[in-house]
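Asker: Pasting a structure here, questions to come.
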Amino acid sequence: MFAEIFFRIWRRAVLRPGIFGSPEVRITKCHFDYSLKITFNSLLVLKRKSLTLLSKKTRKLKAHIMLTQIINGKILTPQGWLKDGSVLISDSKILEVTNCDLAVVGATLIDAKGMYIVPGGVEIHVHGGGGRDFMEGTEDAFRAAVATHMKHGTTSIFPTLSSSTIPMIRAAAETTEKLMAEKDSPVLGLHLEGHYFNMKMAGGQIPENIKNPDPEEYIPLLEETHCIKRWDAAPELPGADKFIEKFHDEVAISLGHSTASYEIASKAFAAFSACLEITASS
């Protein structure tokens, strides 16, 4: 019992800001080996063999900054699963993933209770949720759908419309802009799946809404709103080349519902190289 109490006091001490001469130092990698020896007079001798400090980025933090620490979970990292580690959060942002699960003094602790700790999902193509559809365009529908996805691992989202009329797109854009303006909003922008598609590849799209790119539609629309971040289109359609060339710097254009040949698709890629390469491969 004495040994256990002493060790708890010691491990809190080494994590206390300033213990190494600077209030900016905190410990991150605490995979140190230790040996415990009980002497004849019951004094505990703790031999510390190795100790690693936080990264330079984290050490620059001032002692008064509020930290949140998630412990007791299985953490997914680019190198694989990390056990007995923790995640340090400051100002709602991940500060560092460490292989130390010792409590940082002053941090608010969240016990994951053995559950998985993984990066939040970024939903770039989703039409609704919780029984609501983003094509409704209303704030109520958007909030209900977004809230549903936020309960299941999604941390940011691009509401998606299937082929819609311009009035429907405008209504959804207005709602999207309102939600995007809110603090810490998970809504990052609007995704339009159509309506400039090849009718032969309509699939589950609404046929009566599908048409060729029309500059009298898309130019005013993209001038009045800047929340549209991705727009799917078929590059073989008449007028698609002008649509792509005009807005590829503002909107990520993605191939979709298309019968384009390799040559036509390659030409479209060349028109807005990086933008299309990213969205088409996602």
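The values are calculated or read from the model by the stated rules, or taken from the named source; none is laboratory data. All of these numbers come straight from a predicted model, not from anything done at the bench. So basically every Cβ, Gly included, is an ideal-geometry build from the backbone, and we count neighbours across all protein chains shown.
Asker: Can you name the number of the only condition in (1) outside any helix (DSSP H, G or I); (2) surrounded by fewer than 21 Cβ atoms within 10 Å (Cβ to Cβ); (3) among the β-branched types (Val, Ile, Thr) that residue 148 fails?
Answerer: (1)
Asker: Looking only at the range 237-247, count every residue that is surrounded by 18 or more Cβ atoms within 10 Å (Cβ to Cβ) and of a type outside the set (Val, Ile, Thr) and tell me the total.
Answerer: Final tally of qualifying residues: 4.
Asker: Further, regarding this structure: Checking residue 223 against (1) farther than 21 Å from residue 128 by Cα; (2) touching a residue at least 12 places away in the same chain (Cβ under 8 Å), only one condition comes out false. Which one?
Answerer: The one condition residue 223 does not meet is (2).
Asker: While we're on this one: Scan the strands (runs of 3 or more DSSP E) fully inside the range 27-123 and keep the ones with 3 or more residues being outside the structural domain of residue 146 (by TED's automatic domain parsing), surrounded by 15 or more Cβ atoms within 10 Å (Cβ to Cβ) and at pLDDT 50 or above.
Answerer: Here the list reads 68-71, 86-90, 93-98.
Asker: Identify the residue in the range 117-135 that is within 21 Å of residue 195 (Cα to Cα) and of a type in the set (A, V, I, L, M, F, W, C) and, among all such residues, is farthest from the chain's Cα centre (by Cα).
Answerer: 135
Asker: Same structure, new question: Could you look through the range 271-282, keep only residues that are surrounded by fewer than 16 Cβ atoms within 10 Å (Cβ to Cβ) and farther than 25 Å from residue 200 by Cα, and pick out the one that is modelled with the lowest pLDDT?
Answerer: That would be 278.
Asker: What about residue 134, is it in contact with a His (Cβ under 7 Å, 6 or more places away or on another chain), buried (at least 17 other Cβ atoms within 10 Å of the Cβ) and closer than 17 Å to residue 191 by Cβ?
Answerer: Criteria met by residue 134.
Asker: Now for a separate question. Identify, by number, the condition in (1) acidic (Asp, Glu); (2) exposed (fewer than 14 other Cβ atoms within 10 Å of the Cβ); (3) modelled with pLDDT under 95 that residue 140 doesn't meet.
Answerer: Evaluating residue 140 over (1) acidic (Asp, Glu); (2) exposed (fewer than 14 other Cβ atoms within 10 Å of the Cβ); (3) modelled with pLDDT under 95 leaves (3) as the failure.
Asker: Here is a follow-up. Taking the condition of being farther than 22 Å from residue 209 by Cβ and touching a strand residue (DSSP E or B) at 6+ places or on another chain (Cβ under 8 Å), how many residues in the range 153-182 meet it?
Answerer: 7
Asker: Of the residues that make up the range 167-176, is at least one surrounded by 15 or more Cβ atoms within 10 Å (Cβ to Cβ), β-branched (Val, Ile, Thr) and more than 22 Å from the chain's Cα centre (by Cα)?
Answerer: Yes: the range 167-176 contains one or more residues that are surrounded by 15 or more Cβ atoms within 10 Å (Cβ to Cβ), β-branched (Val, Ile, Thr) and more than 22 Å from the chain's Cα centre (by Cα).
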